[in-house]
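*Asks:* Below is a structure I'd like to ask you about.
The values are calculated or read from the model by the stated rules, or taken from the named source; none is laboratory data. Since the structure is predicted, the reported quantities are computational estimates derived from the model, not experimental observations. FYI the Cβ positions are ideal-geometry reconstructions off the backbone, even for glycines, and counts take in every protein chain you see.
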Protein chains: 2
Amino acid sequence: MVELELIEAVKAALGPQPARVLTGPGDDASVVRADAVLATSTDTVVDGVHFSLATHSPADVGHKALATALSDIAAMGAGPGEAYVALVMPPEFTGALELVGGMRELAGRHGVALAGGDVVSGPVLAVTVTVTGWSGAADRLAYRSGARPGDLLGVTGELGGSGAGLKLLNAGESQPDALVRRHRRPEPLLATGLALAAAGVTAMIDVSDGVATDAGHLARASGVVLEVRLADLPVADGVESAEFAATAGDDYELMFTAPPERRAAIEQAAIATGTRVSWLGDVRAGGGLVEIRGPDGAPVDLRGYEHLR
Amino acid sequence: MVELELIEAVKAALGPQPARVLTGPGDDASVVRADAVLATSTDTVVDGVHFSLATHSPADVGHKALATALSDIAAMGAGPGEAYVALVMPPEFTGALELVGGMRELAGRHGVALAGGDVVSGPVLAVTVTVTGWSGAADRLAYRSGARPGDLLGVTGELGGSGAGLKLLNAGESQPDALVRRHRRPEPLLATGLALAAAGVTAMIDVSDGVATDAGHLARASGVVLEVRLADLPVADGVESAEFAATAGDDYELMFTAPPERRAAIEQAAIATGTRVSWLGDVRAGGGLVEIRGPDGAPVDLRGYEHLR
């Protein structure tokens, strides 16, 4: 019965729902007015595995769980939809409302509705967020499979900051710091993803595992070779090296391919939504591979750098 | 990387997707062609809290986690949609493919697509299932809030069987038995829910907490008094009493209200979808209460019977 009371408190904390949510939490299911096409992604984070309550407040956990899920919607170029949140909570965890508060603040800023969920008890804090994004047509979305030989490879923002922040946290650094904040409170690039899709990207993915690994996902899905120039990687201030920035992950920037003639439109789309584009590579014909090249053009093997995975 | 391999194996186990799933697992998000209105529900079950691997096979767990989530879609009267499955698994759990197999078998039978998910490690087996259902219009769905004074209260099938099965399991009874099967493999009434909504129910809910508790949810959401006659409760064979059947829960039958003139249409809708209706009460004007009456018409207090919650 404690769960029921908590569910009521969480429902109250969600506040009013946007108009497209016809029935929010409280019925057997939430009911939402649909657009033509639905994009959906589910992500789970577990205390001690994906984050630590020792270094993250409950609000950080809520923010991050929702942000990382929404980043997948951003990478599809879909518009903001709903989030459905399932919490597994140990009896001693008292931060549920603060956790949901962290989600609510982020959701509100991006026009995402917290439209439903579940709260149960269990031996560890685990947060599963299922997010939806809407689009008027399937061909307006950006898939991993659309990269074509001759395309350019681009990425938004700066890389490595989240990994550097995690290193600071693991070293016991408690000072609030831009890098630590970057790790605790990643920002999903929903508006940017939508704008990039409209500006003509051919393929897109969010950078959750590091550029090197995520470029591999794009390359395999598209059946192309992606050449990445380490020297053109946008390395965040305070990050030790381009190699670290390419492998640390958790940046939640958007990486994409586009034909050269869309270059200016894409740069403008990024700037109009508060970020910038770095062109860090090229797409060649070939079989699902990534080639990382150093400043001298020679291949670089980054396998030794995957220290955070 | 083990997780990635497992995700690949799970993807392969899902088999082909129905045509409305434009992009299944493997991109940043799944993409589905929408109908006008989306109903969504999320449910989490945790080993040792909601089920026990000591008494449930991995396939039972998969079946049950999906079935209980789909029961919420059935209770809305929505058509089958997609399921998104997030698994938290301890390293020693080896039943992931069997668990997904249990889901796949159930999903296939109901026209539900297993369209996406996540697999992560953690200290306990926890399964979160987010299910969608589609409808051509919001007013074709059945909500908890639509019961009106003068309506009849009905329920499908038989009650108490799952609770009696759980009692057998807890007593160490390992014989395969209809009651045990009923507990391990509840069947979501998707076709029945859709047919009942079309036949004119005014409110509907699935019986997950027992008729007594779930009638309370309907009564409060609708702002009415529900009178329940214990003598008219459809008690499953092998269940000790109507009191047990009214409180044991986990039956996943559908309880609903409807005006008397819809009675025949509703009975036919149930029969056409393989079940039957028992009329077990009436709706009166009043303030969100349930009155349980014994065979002599006197009020019955069931609070002492909530032994399984």
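*Asks:* Report the residue count in segment A:213-231 for those that are among the β-branched types (Val, Ile, Thr) and either buried (at least 21 other Cβ atoms within 10 Å of the Cβ) or at positive phi (or both). Walk me through how you get there before you give the answer.
*Replies:* If we filter segment A:213-231 for residues that are among the β-branched types (Val, Ile, Thr), which is where we start, we get A:213, A:224-225, A:228.
If we keep only those that are either buried (at least 21 other Cβ atoms within 10 Å of the Cβ) or at positive phi (or both) as well, we get A:224, A:228.
So the count comes out to 2.
*Asks:* For A:ALA65, indicate whether it is more than 9 Å from chain B (Cβ to nearest Cβ) and buried (at least 24 other Cβ atoms within 10 Å of the Cβ).
*Replies:* In short, yes.
*Asks:* What are the pairs, 6+ residues apart or on separate chains, where a residue within segment B:283-299 that is in a loop (DSSP other than H, G, I, E, B) has its Cβ under 6 Å from a residue that is not small (Gly, Ala, Ser)?
*Replies:* Close Cβ pairs satisfying both conditions: B:GLY286/B:VAL225; B:GLY288/B:ARG220; B:GLY294/B:LEU230; B:GLY294/B:VAL300.
*Asks:* Now a separate question. Looking at A:GLY210, A:GLY249, A:GLY288, A:GLY281 in this structure, which one is touching a Lys or Arg at 6+ places or on another chain (Cβ under 6 Å) and buried (at least 22 other Cβ atoms within 10 Å of the Cβ)?
*Replies:* Details: A:GLY210 fails: touching a Lys or Arg at 6+ places or on another chain (Cβ under 6 Å); A:GLY249 fails: touching a Lys or Arg at 6+ places or on another chain (Cβ under 6 Å); A:GLY288 fails: buried (at least 22 other Cβ atoms within 10 Å of the Cβ).
Selected residue: A:GLY281, the only one of A:GLY210, A:GLY249, A:GLY288, A:GLY281 that is touching a Lys or Arg at 6+ places or on another chain (Cβ under 6 Å) and buried (at least 22 other Cβ atoms within 10 Å of the Cβ).
*Asks:* Looking at segment B:141-157, which of the residues that are in a strand (DSSP E or B) and among the aliphatic types (A, V, I, L, M) is nearest to B:TYR84 (Cα to Cα)?
*Replies:* Across segment B:141-157, the extreme among qualifying residues is B:VAL155.
*Asks:* Criterion first (part of a strand (DSSP E or B) and either of a type in the set (Asp, Glu) or facing chain B (nearest Cβ under 10 Å) (or both)) does A:VAL31 satisfy it?
*Replies:* yes
*Asks:* Any residue in segment A:21-35 that's over 15 Å from B:THR130 (Cβ atoms): show its pairings with residues that are β-branched (Val, Ile, Thr) at Cβ separation under 7 Å, as long as the two are six or more apart or on different chains.
*Replies:* Partner pairs satisfying both residue conditions: A:VAL21/A:VAL32; A:LEU22/A:VAL31; A:LEU22/A:VAL32; A:THR23/A:VAL31; A:ARG33/B:VAL37; A:ALA34/B:VAL37.
*Asks:* Being among the hydrophobic types (A, V, I, L, M, F, W, C) and outside any loop (DSSP other than H, G, I, E, B) is the filter; apply it to segment A:16-28 and report the residue that is nearest to the other protein chains (Cβ to nearest Cβ).
*Replies:* Selected residue: A:LEU22.
*Asks:* How about segment B:105-140: which of its residues are within 9 Å of chain A (Cβ to nearest Cβ), in a helix (DSSP H, G or I) and among the charged types (D, E, K, R)?
*Replies:* Residues satisfying the conditions do not exist here.
*Asks:* Consider B:ALA9 against the criteria (1) modelled with pLDDT under 90; (2) in contact with a strand residue (DSSP E or B) (Cβ under 8 Å, 6 or more places away or on another chain); (3) closer than 25 Å to A:VAL127 by Cα: it satisfies all of them except one. Which criterion is unmet?
*Replies:* (2)
*Asks:* Which residue is surrounded by the most Cβ atoms within 10 Å (Cβ to Cβ), if the candidates are limited to segment A:34-59 and must be within 7 Å of chain B (Cβ to nearest Cβ), in contact with a Gly (Cβ under 7 Å, 6 or more places away or on another chain) and not in a strand (DSSP E or B)?
*Replies:* Result: A:ASP35.
*Asks:* Residues of segment B:68-104 being β-branched (Val, Ile, Thr), buried (at least 19 other Cβ atoms within 10 Å of the Cβ) and not in a strand (DSSP E or B), which ones?
*Replies:* Result: B:THR68, B:ILE73, B:VAL100.
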